[in-house]
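The values are calculated or read from the model by the stated rules, or taken from the named source; none is laboratory data. Everything numeric in this text was worked out from a predicted model, so none of it was measured. For neighbour counting, all protein chains shown are included, and Cβ atoms are generated from backbone atoms with ideal geometry for every residue, glycine included.
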Amino acid sequence: MQIENKIALITGGASGLGLASARKLVAAGGKVMLLDLNEEAAKSACDELGEYASYVIANVTEEDSIKAAVSKTLEINNSLDIVINCAGIGSASKTVGRDGPHPLDYFKLVVEINLVGTFNVLRLAATEMGNNKPGEDGECGVIINTASVAAFDGQIGQAAYSASKAGVAGMTLPIARDLARMGIRINTIAPGIFDTPMMAMATDKVRNPLIEMTQFPKRLGLPQEYGSLVQHIIENPFLNGETIRLDGGIRMQPK
């Protein structure tokens, strides 16, 4: 799919990987709708991106909220061609810790936002994408989800986070099969350790061992590198049903 004049809905689009993706798409001639909970950050991002960016405040876990966000996207742009799911939260809690068992409500919250929220957005967006006029190869839309290397080698204390991201990776192929008849591709990116607002909150004691586990280059990933892969996935029509690690060769140790 050529990005020029295409419309992308980006969850978590006001910062980090979502904003980096928005920058790439706008630079390539696309338009973006940034979906976020932080209105101040969303306004700032739109000011930076200019006339080709809009924003909507919505909660990925709420059906009515996302229906309204999709409707606003169509109202402003008359189309929805691309979805990039970057909204998510981290977690750190052992299955059984010093204070007892992992809080069940917290486990549910992480899964609800990272996994259920991702599915909620893509299912509602795909419904509208199916109405698009088919392009080359009959393509009507592209969906990109965000998992994590923790889906495959999660560390101590990452049970909830790893489960949520493994779910995102695990549903990629069956959804690709589901949506094939509609001309919609779906792929997932599994980032390693990236220089995002979430990682900015971590101490050097947490960050440095993760950088050491990265094979090459020995640093955090840059959000624009995630954005570059997003652009490639959109523009490569034969890439479908795949989860791609973008991680500098990291294989995380238990802690």
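Does residue 72 satisfy being over 16 Å from residue 19 (Cβ atoms), among the basic types (Lys, Arg) and out of contact with any helix residue (DSSP H, G or I) (no Cβ under 9 Å at 6 or more places or on another chain)? Even if it seems obvious, please write down each step before you answer.
Numbers: over 16 Å from residue 19 (Cβ atoms): yes; among the basic types (Lys, Arg): yes; out of contact with any helix residue (DSSP H, G or I) (no Cβ under 9 Å at 6 or more places or on another chain): yes.
The answer is yes for residue 72.
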Residues being part of a loop (DSSP other than H, G, I, E, B) and surrounded by fewer than 17 Cβ atoms within 10 Å (Cβ to Cβ) - total across segment 227-255: 11
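Look through 72, 31 and report the one residue that is touching a residue at least 24 places away in the same chain (Cβ under 8 Å), of a type in the set (Lys, Arg), buried (at least 23 other Cβ atoms within 10 Å of the Cβ) and under 23 Å from residue 134 (Cα atoms). Walk me through how you get there before you give the answer.
Details: 72 fails: buried (at least 23 other Cβ atoms within 10 Å of the Cβ).
Residue meeting the stated conditions: 31.
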Within segment 158-226, helices (runs of 4 or more DSSP H) holding 3 or more residues that are modelled with pLDDT under 95 and either over 20 Å from the mean Cα position of the chain (by Cα) or crowded, with 17+ Cβ neighbours inside 10 Å (or both): 204-213
